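Note sheet for the following structure.
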Amino acid sequence: MADIDSIKSMLESIRQRRRLWKLSRRRKNQQTLSALGIEDDELAFDTIYDHLKYQNYISGPELDNHTPIVPGVIWVFGLNINGEDCYLKFQDKPSGAVIWISLHIAEYPMVFPYSRG
C-alpha cells in the first residue's frame, strides 16, 4: 500500500501527462461510458482529471502479472462518475503513457484506506 504523499505525487505526475492518457478498448469500458451518458474517452478523462484524489485510492503500485509482463506499475482507484461508483485501474508505463485498463461500474464493494468517513 502506498502512503498518501506517494499517491499525491503520482496523481500530479499523471495529470502532467494528461495528453498521454489512453483507454483500453475493453467492451466493459465502452458499455460503461455509454451507460453513464459519456460520449467519448476525453469526457471521462476530464472527470477523472478534475476529481480523482488520494482518498479515491484503493491499491498500488503493483507490478503487472501478465505473461509476458507488460512494463509499468498498476494503480487502482474508485470514483463516483455521474452517480455511479466506478472502478478505475491504470498502468503507468515507462514511456509516460497512462493506460486506463478498467473504467467500469464497480462490481464489488470498494475499500478506500484513506477515505474520510
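FYI, it's all coordinate maths here, none of it is from the lab. Model, not experiment: these values are computed from the prediction. So basically every Cβ, Gly included, is an ideal-geometry build from the backbone, and we count neighbours across all protein chains shown.
Would you mind ranking His104, His51, His66 by Cβ crowding within 10 Å, fewest neighbours first?
His66, His51, His104
So how much slack lies between Gln16 and Met1, counting 0.36 nm per residue of separation and subtracting their Cα-Cα distance, in nm? Present the calculation step by step, with values, prior to reporting the outcome.
Values: separation 15, 0.36 × 15 = 5.40 nm, distance 2.31 nm.
Full extension of this stretch gives 3.1 nm more.
Within 10 Å, count the other beta carbons around each residue, average over each peptide in 80-87, 12-19, and list them highest first.
80-87, 12-19
Output the antiparallel fraction of DSSP beta bridges having both residues in the stretch 11-117, as a percent to the nearest 5. Don't skip to the end; give the middle numbers.
Values: 20 of 23 bridges.
Roughly 85 percent of the DSSP beta bridges within the stretch 11-117 come out antiparallel.
By its C-alpha gyration tensor, with a ≥ b ≥ c as the square roots of the eigenvalues, how is the stretch 23-117 shaped: rounded for a/c under 1.5, else prolate for a/b larger than b/c, else oblate? Can you show the working numbers first?
On the way: a/c = 1.65, a/b = 1.17, b/c = 1.41.
Note, shape of the stretch 23-117 comes out oblate.
Give the total of Lys-Lys pairs in the chain with Cα-Cα distances below 17 Å; include a pair only if its members are 8 or more places apart or on different chains.
Total qualifying Lys-Lys pairs in the chain comes to 6.
Between the stretch 80-99 and the stretch 1-35, what is the C-alpha centre distance in whole Å?
Each part's Cα centre sits 3 Å from the other's.
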